[in-house]
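Reviewing the structure listed below.
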Amino acid sequence: MEEILNITDGVKKTREIVYEAEDFMRKFEQMELPVKHYFSEGVYGRELFIPKGTVLTGKIHKYSQLNIMSQGELSILTEDGVKRVKAPFTIVSPPGTKRIAYAHEDTLWTTIHGTRETDVDKIEEIFIAQTEEEYLQFESKEKLNQLKHNGTKKQYFRKLFLKLCKKIKR
């Protein structure tokens, strides 16, 4: 475990470490963790109960998300190494995040997503990549869309600027 804890190199490297741990963990009995779903206007909260002594991994999140630990204590592998955190604790995780954690105490962890969707399966489809390949494809499309959007925005402001210049000359 010490080897895993000392090797970090950003979000992608963290995911690789978690995949290796998951491969090892699959050799053992798996447990279902209790989940509660909360909905309000434009907000979805997924609350996970993590019993003391549990080692768990998360899924790859396509977008940044808000995470709130309202009870408990965890050691979590982050892009900056292992962090031991105790409730109350709040963090915004970047896109591409996939974590592994150990629960030192019974813990309540809530992930918050901005969405009006209330179908949990659809929410997972929107916000979660099931595989590394799916995330990399999503990330490439997002970067391309951002480039297209920025180009359109630049064209708009250029035209607006030229119109203003013409009005000033009159």
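The values are calculated or read from the model by the stated rules, or taken from the named source; none is laboratory data. In this text the structure is predicted, and so the values were computed from the model without any measurement. Every residue, glycine as well, gets a Cβ built from its backbone with ideal geometry; the counts of neighbours run over all protein chains shown. Keep in mind that these areas ignore ligands, DNA and RNA; they rest on the heavy atoms of the full protein, side chains included. Shrake-Rupley method; radii C 1.70, N 1.55, O 1.52, S 1.80 Å.
Carbon-plus-sulfur accessible fraction, the chain (probe radius 1.4 Å, protein heavy atoms only): 54%. When the helices of the chain are scored as -39500 (n - 2.57) per DSSP H run of n ≥ 4 and the total is divided over every residue, the value at 222 nm lands at -13000 deg cm²/dmol.
From most to least packed by mean Cβ count within 10 Å, the peptides 93-99, 140-146, 70-76, 126-132 give 93-99, 70-76, 126-132, 140-146.
Which links in Lys143/Lys166; Lys83/Lys122; Lys59/Lys141; Lys13/Lys143; Lys13/Lys141 stretch past 24 Å when you go from one Cα to the other? Lys143/Lys166; Lys83/Lys122, as the Cα separations exceed 24 Å there. In a simple Cβ point-charge model (Lys, Arg +1; Asp, Glu -1; nothing else charged), the chain has a dipole of about 2220 debye relative to its Cα centre.
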